[in-house]
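Here the structure comes first, spelled out in structure tokens, and everything after it is commentary.
The values are calculated or read from the model by the stated rules, or taken from the named source; none is laboratory data. Source: prediction; values computed, not measured. Here the Cβ positions follow ideal geometry from the backbone for every residue, glycine too, while neighbour counts run over all protein chains shown. With ligands, DNA and RNA removed, areas are computed over all heavy atoms of the protein, side chains included. Shrake-Rupley method; radii C 1.70, N 1.55, O 1.52, S 1.80 Å.
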Amino acid sequence: MEDKNENTSKNYGTKAMVAQIFATIAQSFLLMNVGMEMGMPTVVIQQLYQNSGSEFSLTLSEISWYGSLICIFHPAGSFFSGILQDKFGRKRCMIFANFPSIFGWILLYYTHSVVSLYASTVLMGLSIGFSEAPILSYIAEITEPRLRGSMTSLTSTAPMLGVSFLFTLAYLFEWQTVALLSTLCPITSICLVMLIPESPLWLIAKGKNGKAKKALCWLRGWVKTNVVKTEYLELVRYNEISGTQQSTGKLTQFKDPSVYRPLRLMIFYFLISIIMSSMPWRTFISKIMTEVGILNNQSLLLVVLSVLQTIGCVIVVLTVHYLGKRFLTNLTFSINTLLMFLFGIYIIGIKNDYIYSTPWIPTTILCGIYFFGASIMILPWMVLGEVFPNKSRGIAVGLSAGLSYLLVFILTKSYLAVENLLTLEYTMVFYGCFGIFGSLYLYFYLPETENKTLLEIEEFFT
């Protein structure tokens, strides 16, 4: 079957690639907004943490809640989007996901208290949760096998671009102005997503074969129906094999090895990637920089770190087709494990007067952690849309995404308590130990999905 798909893909030409890139970029504005929403707590905390000169300030407990609250409401959005996208389609869910975000940005612009600050981040959390499952399902279903890795990684780059754009705005404007300008991103997303077609595979599953053919023609370079006939029949066959038309309940599907095995893998993949990409402590990066002696130009350094993240994502986009997701996972996890240990050892050396405080050393280590952490953050999302069978992709992707953000909430909310218990240096060493364990597990259990058809990936787990 792979040969058929590959041969078909090659006959479409450049227009097919252009069409799929446009569809990917259109929905990537929604993920760019996700990155901006995830980065905004860092900006707000930097301006309001123990700042007596502002209209209101945040205590240590309040920044702990504010930095993690966006993640706890994400699972609710993910759960409902996983169900609703199967009923209403990927495209409609992506459009709807922008509206809570717009209201959240506007509320943040007008906020004058901690309560309204929390309310704005709750709306953003729901928006993030509602958007990621349909996006990941959509990109896996519209792309050819030869392009799926690059398109998925391009999608995964969008949040990093959003973070870079947000930190650049924060360097130039006050945080309230940044919130107001940020509404342009979800508005643009709505306009662009309305121009792209629905997922052909979802349309086939709903018995809308005529619309499915038209959507596939659009995605393969605006060609005629006879040109996509072979691939269309393959999608129909995959739909039948994958069991989309079965009447089994949603919960019953999780007893299927083709569902619970990739779900188990993805939960662990997300857990280790969250820790090794430094997600638990990124919200508190200004506090950490101060503790390790980086006192000057912290706002500028945030811009540099976000740019390095984006560069790291672009490199993944350019190399994933050749190196594969499995190799990139093993490489980046190993490097960041070493950097975590080095960061902890440096802080131990400073606190025990073994070495003098030299700001360029922790700056370099942080740059490395952010650069390689970008790959670590996006690789699970690249794999997520590929590993589940079509019958369960919507709800399984939504559940996985929701659980990943629940893990982010737990790890972020508990970070300050862990640091208080272990101190900063031994917290980094502790995370490094997780990296060793996680790298070994993924080395033995993570399959390669690059250049594989969705059916081949499903057969691996069964």
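Side notes on the structure shown:
- Residue check, LEU172 open to solvent by 10 Å² or more (accessible area, probe 1.4 Å) and within 20 Å of the chain's Cα centre (by Cα): no
- Extreme residue, surrounded by the fewest Cβ atoms within 10 Å (Cβ to Cβ), among residues of region 282-302 that are under 21 Å from the mean Cα position of the chain (by Cα) and over 18 Å from ALA158 (Cβ atoms): ILE285
- Residue check for LEU342: surrounded by 22 or more Cβ atoms within 10 Å (Cβ to Cβ) and modelled with pLDDT of 85 or more: no
- The conditions of being out of contact with any helix residue (DSSP H, G or I) (no Cβ under 6 Å at 6 or more places or on another chain), open to solvent by 50 Å² or more (accessible area, probe 1.4 Å) and either among the basic types (Lys, Arg) or touching a residue at least 60 places away in the same chain (Cβ under 8 Å) (or both) are met by PHE165.
- Condition check for SER61: open to solvent by 30 Å² or more (accessible area, probe 1.4 Å), under 23 Å from ALA417 (Cα atoms) and either at pLDDT 75 or above or part of a helix (DSSP H, G or I) (or both): yes
- When the test is whether a residue is touching a residue at least 24 places away in the same chain (Cβ under 8 Å), out of contact with any helix residue (DSSP H, G or I) (no Cβ under 6 Å at 6 or more places or on another chain) and part of a helix (DSSP H, G or I), ILE106 passes it.
- Condition met for MET428 (crowded, with 23+ Cβ neighbours inside 10 Å and at pLDDT 90 or above): yes
- Checking every residue in region 236-254 against the condition of being assigned to a helix (DSSP H, G or I), among the acidic types (Asp, Glu) and either modelled with pLDDT of 90 or more or open to solvent by 60 Å² or more (accessible area, probe 1.4 Å) (or both) gives at least one match.
- Residue in region 214-226 that is surrounded by 24 or more Cβ atoms within 10 Å (Cβ to Cβ), over 15 Å from ALA26 (Cβ atoms) and at pLDDT below 95 present: yes
- Any hit, region 318-338, residues being at pLDDT 85 or above, crowded, with 21+ Cβ neighbours inside 10 Å, among the aromatic types (Phe, Trp, Tyr) and assigned to a helix (DSSP H, G or I): yes
- Every pair of residues 6+ apart whose Cβ atoms lie under 9 Å, when the first sits in region 42-58 and is part of a loop (DSSP other than H, G, I, E, B) while the second is among the hydroxyl-bearing types (Ser, Thr, Tyr) and at pLDDT below 80: GLN50/SER57; ASN51/SER57; SER57/TYR49
Let's see how each residue does on (1) closer than 23 Å to ILE72 by Cβ; (2) among the polar types (S, T, N, Q):
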residue: HIS112; (1), (2): no, no
residue: SER116; (1), (2): yes, yes
residue: GLY125; (1), (2): yes, no
residue: GLY129; (1), (2): yes, no
residue: MET151; (1), (2): no, no
residue: GLY162; (1), (2): yes, no
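- Entirely in region 116-195, the helices (runs of 4 or more DSSP H) that have 3 or more residues that are more than 16 Å from MET94 (Cα to Cα): 145-172, 175-182
- If the condition is being touching a residue at least 60 places away in the same chain (Cβ under 8 Å) and either open to solvent by 30 Å² or more (accessible area, probe 1.4 Å) or more than 15 Å from PHE80 (Cβ to Cβ) (or both), then region 112-134 contributes LEU117, THR121, MET124.
- Test result for SER137, buried (at least 18 other Cβ atoms within 10 Å of the Cβ), polar (S, T, N, Q) and either over 23 Å from the mean Cα position of the chain (by Cα) or more than 30 Å from ILE241 (Cα to Cα) (or both): no
- Among the candidates PRO389, PRO380, PRO362, residue that is part of a helix (DSSP H, G or I), of a type outside the set (A, V, I, L, M) and closer than 17 Å to THR449 by Cα: PRO380
- The set of residues in region 256-281 being open to solvent by 20 Å² or more (accessible area, probe 1.4 Å) and in contact with a helix residue (DSSP H, G or I) (Cβ under 8 Å, 6 or more places away or on another chain) consists of PRO257, ARG261, LEU263, ILE267, PHE268, LEU271, MET279.
- Qualifying residue in region 403-414 (condition: open to solvent by less than 10 Å² (accessible area, probe 1.4 Å) and either closer than 21 Å to VAL317 by Cβ or of a type in the set (Gly, Ala, Ser) (or both)): yes
- Here VAL178 fulfils each of the conditions (1) open to solvent by 20 Å² or more (accessible area, probe 1.4 Å); (2) in contact (Cβ under 8 Å) with a residue 60 or more places away in the chain apart from (1).
- Qualifying residue in region 407-428 (condition: of a type in the set (Lys, Arg), touching a helix residue (DSSP H, G or I) at 6+ places or on another chain (Cβ under 6 Å) and under 26 Å from SER137 (Cβ atoms)): no
- The set of residues in region 433-456 that are assigned to a helix (DSSP H, G or I) and either modelled with pLDDT under 70 or over 22 Å from the mean Cα position of the chain (by Cα) (or both) comprises CYS433, ILE436, PHE437, LEU440, PHE444, LEU454, LEU455, GLU456.
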